[in-house]
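*Asks:* Dumping the structure here so I can ask a few things about it.
The values are calculated or read from the model by the stated rules, or taken from the named source; none is laboratory data. Everything quoted here is computed from the prediction, not taken from an experiment. Cβ placement follows ideal geometry from the backbone for every residue including glycine, while neighbour counts extend to all protein chains displayed. Calculation scope for accessible area: heavy atoms of the full protein, side chains included, ligands and nucleic acids excluded. Shrake-Rupley method; radii C 1.70, N 1.55, O 1.52, S 1.80 Å.
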Amino acid sequence: MASARDIRLQSDYESLQTLAKGSGGTLLIDSTRGVPPSEYVITYRCRGIESITETGRPVYRTVHKVRIKLPAKYPAPFAPPQVEVLTPLFHPHVYPNRTVCLGVWQTSEFLDELALRLGLMLQFDRRCLNIKDPANEAAVAWAQKNLILLPTDSCT
């Protein structure tokens, strides 16, 4: 008999597959680990910011890779998904080690919803921008000065 965790992991996998299939190529599941999967590498095709030049201009990137690991105690409230950006990304919610600060995560946020939120985050969508608790203070300062450039894309 499947455990509650395995049922959730299977549901998350199926929902994420449905999301990817309906994305028109803007979200791809590159690889998974586990049965049912508890680790994913996902590719997003949207415009985000790789870095900032010395003059403060953004260097855009249109392909982003993200690893999502679902810990052994997931989906317990104290065991949120662990997200790491595998490609360069200049963003207020990404630490220098490329770990993503998810802010508030609740067990009611399924993997497909998290994937959508990460896509919005990559595009600097203002609904996903929390300047009060930055992982990258330089990125927050830049974003505050350049709000006119945000969001960087409108992929859904």
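*Asks:* Carbon and sulfur atoms: what percent of the 1.4 Å accessible area of the chain do they account for?
*Replies:* That share works out to 53 percent.
*Asks:* Based on alpha-carbon positions alone, could you give the equivalent ellipsoid semi-axes of the range 49-95 from the gyration tensor, as √(5λ), descending, whole Å?
*Replies:* Equivalent ellipsoid semi-axes, largest first: 30, 11, 6 Å.
*Asks:* Still on this structure: Where a ≥ b ≥ c are the square roots of the eigenvalues of the C-alpha gyration tensor, would you call the range 1-91 rounded, which needs a/c under 1.5, or, failing that, prolate if a/b is larger than b/c, or oblate?
*Replies:* Since a/c reaches 1.5 and a/b is larger than b/c, the shape of the range 1-91 is classed as prolate.
*Asks:* In Å², and per residue, what accessible area does the chain have when probed at 1.4 Å with the other protein chains present?
*Replies:* That works out to 55 Å² per residue.
*Asks:* Which aspartates and glutamates, on any chain, are close to LYS69 with Cα under 19 Å apart, when same-chain ones fewer than 8 places away are left out?
*Replies:* Within the straight-line cut-off, LYS69 pairs with ASP6, ASP12, GLU14, ASP30, GLU39, GLU84, GLU109, ASP112, GLU113.
*Asks:* Still on this structure, please answer the following. At 7 Å along the Cα-to-beta-carbon direction for both CYS101 and GLN144, put a label point, then send me their distance in nm to one decimal.
*Replies:* 1.3 nm
*Asks:* Still on this model: What residue among LEU19, LEU122, LEU89 has the largest mean-square fluctuation in a Gaussian network model of the chain, using Cα springs under 10 Å?
*Replies:* Of LEU19, LEU122, LEU89, the most mobile in the Gaussian network model is LEU19.
*Asks:* Can I ask one more? State the extension gain, in nm to one decimal, for the chain segment bounded by ALA2 and ILE131, taking 0.36 nm per residue of separation less the distance between their alpha-carbons.
*Replies:* Roughly 42.3 nm would be gained on extension.
*Asks:* If you don't mind, another one. So what's Rg/Rh here for the range 36-155, counting alpha carbon atoms and using the Kirkwood radius for Rh?
*Replies:* Result for the range 36-155 is an Rg/Rh of 0.96.
*Asks:* When a/c reaches 1.5 or more, the comparison of a/b and b/c decides; with that in mind, is the range 107-154 rounded, prolate or oblate per its Cα gyration tensor?
*Replies:* The shape class here is oblate.
*Asks:* Also, I was wondering about something else. Counting only residues 5 or more places away or on other chains, whose amide H sits under 5 Å from the amide H of ARG61 once H atoms are built in the peptide plane?
*Replies:* GLY48, ILE49, GLU50
*Asks:* Points 7 angstrom from Cα along the Cβ direction at LYS69 and THR26: gap in nanometres?
*Replies:* About 2.9 nm, to one decimal.
*Asks:* Anything in the chain that counts as a DSSP H helix reaching 15 Å or more along its axis (C-alpha) with Kyte-Doolittle mean of at least 1.0? List them, would you?
*Replies:* Span-like helices, by this rule, are 111-122.
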